[in-house]
Amino acid sequence: MAHSASIVDQRPVAAQAAQPPLSPPAARVPRRRWRDWRLGLGVVLVLGSTVLGGRVVGAADDTAAVWAADGDLVAGTQLRAESVVAVPVRIESAVNPYLTGPVPEGYVVTRGVAAGELVPAAAVVPATEATRTARLLALSLEPQSVPGSLEAGDRVDVWLVPDLLAEPDAPASLLVEGVSVASTPVPDTGFGTATSPGSVVVSLDADMLGGRDLQEVTARLVAGSAAGRLVLTLDPTPR
């Protein structure tokens, strides 16, 4: 009986030995404050870059492709795809005042447009309407009646020389001044260059005739050209 009692007395000790030890309280790692402000700064920089990029892209989207003259366009010149070049331009106003979209066929410019200048939409009209205010006129001229340095885009004064047989003492009269030259004769490399006549195409604009009738001025120029009595002089006014 004594032996059995000793066994009973040891059971609680064995049970206690089988229980796992209690875990010690977890130690908290202190937060590093310097990471907090760096993270916040990084977020601010990312957001700032996104906003700035959006504004740059938005500003780029404000540009529009408009047409600019690839060379000097005189009044009455028919618009062609090869005579203009597309230029990206930022339009500040709500209405775009310049020519955009496909180059219109059968349209002409009603006033001179210098090379590199943006073509105003208001200066482009159908050819049928342009004949009322502007037209191109070919003048048949002798070589000695044309300045040797004449080029397309120059401005010239057109003089009518009197018939010296009928009026030997009559002075020359100025028919029109400051007209634009649209084209000049192609140089002839063969024989007889000095005596062969040429055709100079000028642009007549009603706005520059000082109130005179365009049809009347055109008729006088045509008559003077047919009689071989026209002389061109370079206008010193800058182009």
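Taking the numbered list (1) closer than 30 Å to L99 by Cα; (2) in contact with a strand residue (DSSP E or B) (Cβ under 8 Å, 6 or more places away or on another chain); (3) modelled with pLDDT under 85 in turn, G178 passes all entries but (3).
Yes or no, residue by residue, for (1) more than 15 Å from the chain's Cα centre (by Cα); (2) farther than 30 Å from E216 by Cβ; (3) modelled with pLDDT of 85 or more:
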residue: V74; (1), (2), (3): yes, no, no
residue: E92; (1), (2), (3): no, yes, no
residue: T110; (1), (2), (3): yes, no, no
residue: G116; (1), (2), (3): no, yes, yes
residue: L139; (1), (2), (3): yes, no, yes
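The values are calculated or read from the model by the stated rules, or taken from the named source; none is laboratory data. Remember, predicted model here, so these are calculated numbers, not experimental data. Cβ: placed from backbone, ideal geometry, glycine included. Neighbour counts: every protein chain shown.
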